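Rule-based calculations on the coordinates, nothing more; no lab input. Nothing here was measured: the structure is a model prediction, and the numbers come from that model. Don't worry about glycine lacking a Cβ; one is built from the backbone with ideal geometry, like all the others, and counts go over all protein chains shown.
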Amino acid sequence: MKRHQSLVAFSHHHHKALLLSQVLIKNSPPFKSLPNTPETKLKYLLNNHLDLLIYHFDLEEKLLFPFIQKITDRMNSIIDRILSEHKLVFNLIQKAKENLDLENTLDSLGKTLNAHIRFEERVLFEMIQKHLSSSELAELEKITSKIDSGNSCKI
């Protein structure tokens with residue numbers, strides 16, 4: 001399904017994070033000019049993607065979730081799951097920063113991030129688009145219109 005404009009910036013972030021997740025997964029095929037050792041993968045994550053993940057999760061938690069929490073009875077459980085996954089992602093990043101079983105930690109992070117993003121795109125965003133009215137989507141678009149979908153991560 002095509003993304004409503006109110007969710008496009010989030011989907012752009014997701015695209016970048018999906019690419020990151022593939023780099024982090026153990027034994028992933030080498031990508032041209034992307035890191036392929038656990039140490040260079042960690043450096044790539046910290047130098048090129050950590051700010052975007054922090055920014056993205058913060059936007060979801062402070063802008064998106066308060067707006068959508070009452071869409072359906074099921075929405076609060078979906079939000080709880082997503083918040084739990086945000087914590088897990090940051091716990092795995094912290095574990096990787098501490099160099100604890102780096103290769104397996106990055107692999108777990110990549111797989112977790114991949115599944116998390118796919119859940120948001122396939123379940124959360126589909127529910128938002130299905131259950132919000134045109135006027136609610138327009139209101140959400142006003143709220144999300146200043147979200148940076150690029151690399152600068154600034155509103």
**Average projected area [Cα convex hull, the chain], square nanometres** = 9.1 nm²
**Complete:** Among S108, H131, S28, the residue whose Cα sits farthest towards the positive end of the charge dipole of the chain (+1 at Cβ of Lys and Arg, -1 at Cβ of Asp and Glu, taken about the Cα centre) is S28
**Prompt:** With charges set only on the Cβ (+1 for Lys and Arg, -1 for Asp and Glu), what does the dipole of the chain come to about its Cα centre, in debye to the nearest 20?
**Reply:** 300 debye
**Asked** Could you put D58, D73, D148 in order, starting from the residue whose Cβ has the fewest other Cβ atoms within 10 Å?
**Response** D73, D58, D148
**Fill in**
Beyond 23 Å, the calculated P(r) of the range 63-155 holds a percent of Cα-Cα pairs equal to 39 percent
**Asked** Considering only DSSP states other than H, G, I, E and B, which chymotrypsin sites (Phe, Trp or Tyr not before Pro) in the range 1-94 qualify as loop sites with at most 13 other Cβ atoms within 10 Å?
**Response** F31
**Message:** Could you list R122, R3 so that the one with the fewest beta carbons within 10 Å of its beta carbon is first and the one with the most is last?
**Reply:** R122, R3
**Prompt:** In degrees from 0 to 90, rounded to the nearest 10, what is the angle of the helix 5-24 Cα long axis to the longest principal axis of the chain?
**Reply:** 20 degrees
